[in-house]
Amino acid sequence: MTHSFNVYIDESGDDGIGKFRQPGADGGASRWLTIGACVVRTSRDLELVGLRDEIRKECRPKSKTPVLHFKDLNHSQRRRACQMLAMKPLRIVCVLGLKDAPAAERFKGKNQLYFYLTRYVIERVSWLCRDYRSQVKEGDGRAKIVFSRRGGMNYDDFRDYLKRLKDSDETEIYWPVIDIDAVEAQDHSRLAALQLADIAVSGITAAIERDPFGNVEGGYLAALKPNIYSRNGNYLSYGLKTLPNLNDAELDNQQLDCFKIFR
């Protein structure tokens with residue numbers, strides 16, 4: 001029997017913990033690492049190819065490549081791409097980790113922070129799939145997880161990590177919907193759904209990661225709100241999670257303003 005849901009995971013930022021990027025200066029690591037997922041019914045997966053093509057045609061009509069990258073779009077194109085994602089047949093889950101928070105110091109090992117943040121993404125994905133199972137009759141109720149391939153990441157190690165979590169009581173992942181053995185990685189260029197995940201995750205990150213001038217952009221996040229997973233109007237415990245929480249992350253007013261739409 002086929003899976004009921006497909007989950008496409010991408011990231012924005014890097015997992016380096018050290019010299020952080022400063023406004024007006026070259027180089028340095030991002031302050032935030034964001035891991036996010038686009039979740040779609042398996043039966044509607046092919047619609048994402050058409051959506052990717054629509055976005056490319058409207059936002060980059062002269063481009064000769066079908067591959068979309070958020071970083072290649074200007075501000076107006078990015079905003080339009082996020083608007084075109086809105087109300088389409090997918091849901092978004094995002095976890096944003098502040099790398100210069102005191103608690104992040106313990107995640108200096110290779111891929112440790114990435115694994116840690118991703119567990120919260122999968123936790124929320126599992127709740128989403130459980131919540132929507134009554135509406136999705138096709139398939140076996142489980143989710144297939146596909147990562148955008150990243151250098152230096154061993155996906156066998158990640159599957160083992162999930163198995164260890166499953167054998168523990170450390171998370172609130174709803175395991176009946178997570179198919180650990182089906183976790184895989186694909187190149188960004190191969191799957192339209194991963195390119196849409198890149199738009200969603202990068203657009204959300206822009207509301208909290210300062211650009212080279214010290215500014216953030218909340219318009220993309222606002223455009224994506226209809227697709228962000230929520231329960232009873234609660235977004236910040238479900239579709240969006242920051243570590244630490246927004247009240248403890250010492251955000252400036254510009255950053256906080258971006259998230260007021262969820263309070």
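The values are calculated or read from the model by the stated rules, or taken from the named source; none is laboratory data. Predicted, not measured: the structure shown is a model, and the values here were computed from it. Here the Cβ positions follow ideal geometry from the backbone for every residue, glycine too, while neighbour counts run over all protein chains shown. SASA here: full protein model, heavy atoms, side chains in, ligands and nucleic acids out. Shrake-Rupley method; radii C 1.70, N 1.55, O 1.52, S 1.80 Å.
Points to keep in mind about this one:
- Here the alpha carbons of segment 45-193 define both size measures, Rg and Dmax, at 17.5, 52 Å.
- Reachable aspartates and glutamates, given that their alpha-carbon falls under 17 Å from the alpha-carbon of K62 and they are not under 8 places away in the same chain: D53, E54, D72
- Full extension of the segment from K110 to I261, taken as 0.36 nm per residue of separation minus the current Cα-Cα distance, would add 50.8 nm.
- Solvent-accessible area of the chain (1.4 angstrom probe, protein heavy atoms only): carbon and sulfur portion equals 45 percent.
- Based on protein heavy atoms only, the chain ends up with 47 Å² per residue of surface accessible to a 1.4 Å probe.
- When the Cα convex hull of segment 116-257 is projected onto planes of every orientation, the mean area is 10.5 nm².
- Model label sites at Q83 and N232, defined 7 Å from Cα along the beta-carbon direction, differ in position by 3.5 nm.
- Dividing the radius of gyration of the alpha carbons in the chain by their Kirkwood radius gives 0.94 for Rg/Rh.
- Taking each of K110/K144; K137/K260; K64/K88; K137/K163; K137/K225; K71/K241 in turn, the alpha-carbon distance tops 29 angstrom for K137/K260.
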